[in-house]
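Written out below as structure tokens is the structure these notes cover.
The values are calculated or read from the model by the stated rules, or taken from the named source; none is laboratory data. Predicted model, so just to flag it, every value in this text is computed and none were measured. For neighbour counting, all protein chains shown are included, and Cβ atoms are generated from backbone atoms with ideal geometry for every residue, glycine included.
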Amino acid sequence: MKQSYKKNKKRFVMLIGLLFLMISVMTVNDSALSSRLLPVLPDHLLVFPNDYGAHPDFRLEWWYITGWLETDDKKKFGFQVTFFRYATDLNFGNPSRFAAKDVVIAHLALSDPAVGRLMHREKTAREGFDLAYSKQGNTGVKLDDWFLVREENGTYQVDMRSEDFGLQLSLRPTQKPMLQGDQGFSRKGPKPEQASYYYSEPHLSTTGTVFKNHQSFSVDGVAWLDHEWSTAYLDSDADGWDWIGANLDDGSALMMFQIRGKKGDRIWAYAALREVSGEMRFFTANEIEFTPIRMWESPHTEAVYPVSMRIRTGEIEWQLIPLMDDQELDSRQSTGAVYWEGAVTLIKDNRSVGQGYLELTGYVRPLTL
Amino acid sequence: MMLNRWLLVGEWRSHIGQALVTLLAIAIGVAMGFSIHLLNSAAFNEFSAASKDLSGQSDLLVRAKTALMDEALYPQLAVYDGVAVANPVLELDIAMPGKRQARGDYKLKVIGIDMFRAAQIAPDLLGVPEEGKAMDRLADDTIFLSPAAMSWLEVKQNDTLSFHVGIQSVSLRVAGGLVRARSGQSIAVMDIGAAQWRLQHLGKLSRVELKLKDGVNHAVFKDKLEQHLGTSYAVVELENQEARVANMSRAYRVNLNMLALVALFTGSFLVFSTQALSIIRRRQQFALLRVLGFTRRQLLWQVMIEGMMLGILGSIVGVVLGYAIAVSVIEFFGGSLGSSFFPGIKPDINFEIWTALIYFVVGLGVTLLGSIVPALEAARAKPALALKLGSEDAAMKKTSFPWFAIMGLCLAVIFTQLPVLNGLPVFGYLAIALLLIGSIALIPHVITWLFAATVTFRRHIRMGAVGFLSLARLENAPNHASIALGGILASFSLMVAMAIMVTSFRESVDQWLDRVLPADLYVRTAAVGDLGGFHLDTQQIISAFPAFSRVDFFRTQQVLFDVDRPEVTLFARPIDRIDPRNTLPIINDETHAVIALDSLPENVLPVWVSEAMVDLYGYQVGERVMLPIGASTHEFMVVAVWRDYGRQFGAIQIQLDDYRTITGDSTVNTVALWLQANVSMQQVIEQLRQLPFGKELEISRSSDLRAISLEIFDRSFAVTYLLELVAVIIGLFGVAASFSAQMLARAKEFGMLRHIGMTRHQILLMLATEGGLLTSLGIMFGFLLGWGISLVLIFIINPQSFHWTMQMYLPWGWLIMIAIVMLITATCTALLAGRRAVSKQVIQAVREDW
């Protein structure tokens, strides 16, 4: 009896997962192109503060914040906070207040070396009744009692708590937004429509509280925000990507990624380094290199991740050392996405030069039913 | 105990037929009881589990007193302090075209859910779309069906399912199955937004299920929330849900179980008669055993062991048979036993070992009960007397206790005056049992008095030797006679009682249907949830037809009065202001007063309530009551009670105008139409069909509705008829067994009669006369007793179980027919048994050591 219940539960988990496999891999095939949703086009200028807000005309959008936090007694945490908005492309004519036009998904993760594995929670809800929404005009997303909001002065407020852990942070920008790609038009593949609008806010000065097991810790640190929206994103041959966003100690900011193909090839690569002066340096594909140094096998999913890597942008080489190995976000219990999302230290010439977040997706084979 | 076994085997071997019949009777009694219990409990448990599954792991649910609530409450509840998850649900039963209404399973339960909320409370309800079509679960044109619903509706994945909602048709794509549904459970799931839109319930929810945060005190939370929500909402716990489901079918289940017990009871009577006669027959054998050194205790033990063996074997066969019957009934007819209490499920029968044991013990107990009196008597007999011839009748003298019988009957009368116990007519059933036992115990005395009274009559009238002998025999051996008579009495009286009850009920329903279906045509829209269906414009179109002499609009709704009970039906319709009796089947007698409408104080709204409202909610004529109609509660005065055989959980009627003023809802669900004298019904139906929304209308002639109602009535009594038949057959077995046992016991008497010159033919004639006289007596008493029992059934048990009263009607034709059949059967049995006894050699019959 218990066995069969478990079996059912597992089955149900995978079924929910199917809806979001799409989101975690973001492979959108051609048939899913809609006449209603807009494509991402080059030569489009981002306009602020409007573009801080939601873009319901595009299929997928996310606000994604990662960062390093430190308590008064120098204990270190890594954190990740993500709000997704997904347009179902359905229910246009449906006047019901429940009509599922947009779905909000939120991920919360905390890396604590004292715990040794990633603590994480997810929630999903349809927009409506003010219980879940993504506002236009300025950043304002909410899912039940979790929210992320950008105040008039540009400071972000985040409050996300679950029964056993949570965050309440205030994130103040210290630099201008960093427009990725061509003025915010960021390509993800060989086809021109495989692109997103993408800006980052590096070097967010962060203060707030970390809640853990009914204790609270005052923290401060540095964070990184990505806001990205698109309709068609990845090539159908894409297998996953390696991504890093890092706040370097000298005030510069590095973002680079590569999209891996199913045949072990590389479909796309991108890297940008913004100096403190604001000058952007872009690198060509062959100037960009991700080289695994150490692999870690997840005991939860049996996926093998290159948790420590050597990365190269042109002549500069960094080494990535994870805060801890087990920073895998295994949400097969709810939304189905599985990826490694971890706090890493950047080492150059045997010296720590910055802190960032490494994201590794597509290392788990889709489970066969 | 070699001897015990030897005696037992010897007895059974020589009377194997009797032993088998007794065994079979016990087995059938146990089997009926056990299978009915299994079927009912399986159906009930499955139904209850299925309703529970729909609410998943929620702690509480919030619903409105009316069928549906405003969705605006949902976001309030979602952020209410202490709530972990709030799961909004819109649940509607939708009539499926082409499915028969009379079968009670024409509605599909469609559940609208928000998958993201439901996943945390009732994950089983999530749809399973085709691979790669995950978004079907949020689409506005899809529906997911349980396997049972798919096979019932004969659709598969990607087919289109079409049905009517109000006066519009809806087509949805079957996008797949469900994560898990109970086998046989017919349900459908849609996205809640799609359901609100497609099923025309924008802004409405059926309920919001709540899961509370860990550590929240449920009772405190519930109190607080109830205060916050006010009187038009109910906060329902799981126990309330269970109680509600149990209340829905309890009276029905208990009544069926009682009927099954009646079959077992007649079986025990059969045990008694065969055991008693076997003891009379073996009187000398037992006396001999006593003389040879058997103690009383050993003899008692011997007879009890015989009974026990019969009981054990019979009960084992009965339990196995009962299980087999239950399994095959589920297999071939489904689990509802003809009732419509458990729609949309197909239960599995589990062999419940403890219940099986209970039925085994009941079967054995009944058998032991049937053999204890004969056994005591056998043990008590004085061996010296018993060894003599002709003492057989004396043997049973002590079995009749006149005081016990009179006491039983008196107690029965007292019990009929007692109220329900725990909502069940327990005392009514006890009264019936006491009436039966008391009457049977009284029989030997009645026979003696009766035939003694014929002595004078016999002196004056010349009658043949045969008649004289028959009467003398009946007068002087009343115990033999009473055993046979008891069987006839028991089975005939039960048959009469059931026949009178069912006829009275059916006649009353028939007359009631005349009163409640006065119009020629009834036009309805496909009923869905709370939907009115006909808006003012469509109402005007229909009213404008020249073919109608009168048009009445009805608005019906389900209203929750008590969270532990099923909903009450609210009718809003025009009720004749001058004489409401023209509209409603009002009861106006010494116990039911009626308040004239013109004597009502100003601004007091009248409400007419069904009898169930009086029983269940204590409503009294003249009482002012608060009714949850519309958005809040309103005060009404109960002005009269009306009879309702349609809704045993209660119904109330108010003026349509009052309803519209209170709620502002001008829609209606049903239109009653009276045709002009010169208009043909067929023509009118065609005209209605040609309306823009004509295809979606459900148009019924009142004669059709009537036929459907009576068909439903007959089907729900089908099981009753079957049980009754079984009881009668067992009763007839008892008669046959007691006659043939008597004949064998009287072989010596027949031998003697042959010796003094009676012909074989005369003896047979004598037997036939005896049998005929006894049966006639049995039928006479049986009729009286049956009539008495039917009074209890009609005036005590029915009102207490189902909350409706009825008038009594006697089905004379049928009663006379079964009386004749009974008379012929019993006389023939007596004759057949007699032929065997008489066929023995005269010399052999009078020998002592046969």
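Would you say A:MET255 is in a strand (DSSP E or B), within 20 Å of A:ARG351 (Cα to Cα) and at pLDDT 90 or above? Criteria met by A:MET255. Considering only residues that are surrounded by 22 or more Cβ atoms within 10 Å (Cβ to Cβ), more than 10 Å from chain A (Cβ to nearest Cβ) and in contact with a Lys or Arg (Cβ under 9 Å, 6 or more places away or on another chain), which ones fall in region B:107-120? Hit for region B:107-120 is B:LEU108, nothing else. Restricting attention to region B:123-136 and to residues that are more than 7 Å from chain A (Cβ to nearest Cβ) and part of a helix (DSSP H, G or I), the residue that is surrounded by the fewest Cβ atoms within 10 Å (Cβ to Cβ) turns out to be B:ASP124.
Scanning region B:36-69 for residues that are within 17 Å of the chain's Cα centre (by Cα) and either among the aliphatic types (A, V, I, L, M) or over 29 Å from B:THR556 (Cβ atoms) (or both) turns up B:ILE36, B:HIS37, B:LEU38, B:LEU39, B:ASN40, B:SER41, B:ALA42, B:ALA43. Taking the criterion of being touching a strand residue (DSSP E or B) at 6+ places or on another chain (Cβ under 9 Å), among the small types (Gly, Ala, Ser) and more than 14 Å from every other protein chain (Cβ to nearest Cβ), the residues of region A:118-160 that qualify are A:SER134, A:GLY140, A:GLY154.
Would you call A:PHE92 more than 22 Å from A:GLY356 (Cα to Cα), out of contact with any helix residue (DSSP H, G or I) (no Cβ under 9 Å at 6 or more places or on another chain) and within 11 Å of chain B (Cβ to nearest Cβ)? When the stated conditions are applied, A:PHE92 passes them. Scanning region B:410-432 for residues that are hydrophobic (A, V, I, L, M, F, W, C) and out of contact with any helix residue (DSSP H, G or I) (no Cβ under 7 Å at 6 or more places or on another chain) returns B:CYS410, B:VAL413, B:ILE414, B:VAL426.
I'd like the full set of residues that are more than 14 Å from chain B (Cβ to nearest Cβ) and touching a Leu at 6+ places or on another chain (Cβ under 8 Å), limited to region A:51-67. Listed by number, the residues that qualify are A:ASP57, A:PHE58, A:TRP63, A:TYR64, A:ILE65, A:GLY67.
Among the residues of region B:196-210, the one identified as charged (D, E, K, R), assigned to a strand (DSSP E or B) and within 13 Å of another protein chain (Cβ to nearest Cβ) is B:LYS204. For region B:163-182, the set of residues classified as in contact with a Pro (Cβ under 8 Å, 6 or more places away or on another chain) and over 13 Å from B:ILE143 (Cα atoms) consists of B:HIS164, B:VAL179, B:ALA181, listed by residue number. If you go through region A:95-109 and keep only what is out of contact with any helix residue (DSSP H, G or I) (no Cβ under 6 Å at 6 or more places or on another chain) and either within 14 Å of another protein chain (Cβ to nearest Cβ) or among the β-branched types (Val, Ile, Thr) (or both), you end up with A:PRO95, A:ARG97, A:LYS101, A:ASP102, A:VAL103, A:VAL104, A:ILE105, A:ALA106.
Across region A:102-118, the number of residues qualifying as at positive phi and acidic (Asp, Glu) comes to 0. A single member of A:ASP250, A:ASP226, A:ASP239, A:ASP220 is touching a residue at least 40 places away in the same chain (Cβ under 8 Å) and outside any strand (DSSP E or B), and it is A:ASP250. Report whether or not B:ARG647 is outside the structural domain of B:MET32 (by TED's automatic domain parsing), in contact with a Phe, Trp or Tyr (Cβ under 7 Å, 6 or more places away or on another chain) and among the basic types (Lys, Arg). It is false that B:ARG647 is outside the structural domain of B:MET32 (by TED's automatic domain parsing), in contact with a Phe, Trp or Tyr (Cβ under 7 Å, 6 or more places away or on another chain) and among the basic types (Lys, Arg).
Here B:PRO88 clears all of (1) outside any strand (DSSP E or B); (2) not assigned by TED's automatic domain parsing to the domain that holds B:ILE349 except the condition numbered (1). For region B:173-190, the criterion of being over 28 Å from B:GLN57 (Cβ atoms) and either surrounded by fewer than 21 Cβ atoms within 10 Å (Cβ to Cβ) or within 14 Å of another protein chain (Cβ to nearest Cβ) (or both) is met by at least one residue.
A single entry from B:LEU744, B:LEU725, B:LEU732, B:LEU773 fulfils the requirement of being modelled with pLDDT of 75 or more and either surrounded by fewer than 22 Cβ atoms within 10 Å (Cβ to Cβ) or part of a helix (DSSP H, G or I) (or both): B:LEU773.
Among the conditions (1) within 14 Å of chain B (Cβ to nearest Cβ); (2) surrounded by 19 or more Cβ atoms within 10 Å (Cβ to Cβ); (3) among the charged types (D, E, K, R), A:ASP112 misses just one, which is (1).
In this structure, B:VAL668 does satisfy being touching a Lys or Arg at 6+ places or on another chain (Cβ under 6 Å) and surrounded by 15 or more Cβ atoms within 10 Å (Cβ to Cβ).
A residue that is touching a Ser or Thr at 6+ places or on another chain (Cβ under 8 Å) and either at pLDDT 80 or above or farther than 17 Å from B:GLY33 by Cβ (or both) occurs somewhere in region B:331-339. Considering A:MET295, A:MET324, the condition of being at pLDDT 90 or above and in a loop (DSSP other than H, G, I, E, B) is satisfied by A:MET324 alone.
For the residues B:VAL155, B:VAL189, B:VAL170, B:VAL236, the requirement of being in contact with a Phe, Trp or Tyr (Cβ under 9 Å, 6 or more places away or on another chain) and within 28 Å of B:ALA49 (Cβ to Cβ) singles out B:VAL189. The residue of region B:145-161 that is farthest from the other protein chains (Cβ to nearest Cβ), among those that are touching an Asp or Glu at 6+ places or on another chain (Cβ under 8 Å) and not in a helix (DSSP H, G or I), is B:ASN158. The condition of being small (Gly, Ala, Ser), over 30 Å from B:ALA84 (Cα atoms) and not in a strand (DSSP E or B) holds for only one of B:GLY184, B:GLY193, that being B:GLY184. The set of residues in region B:590-616 being more than 20 Å from B:GLY650 (Cβ to Cβ) and not in a helix (DSSP H, G or I) consists of B:GLU590, B:ALA596, B:LEU600, B:PRO601, B:GLU602, B:ASN603, B:VAL604.
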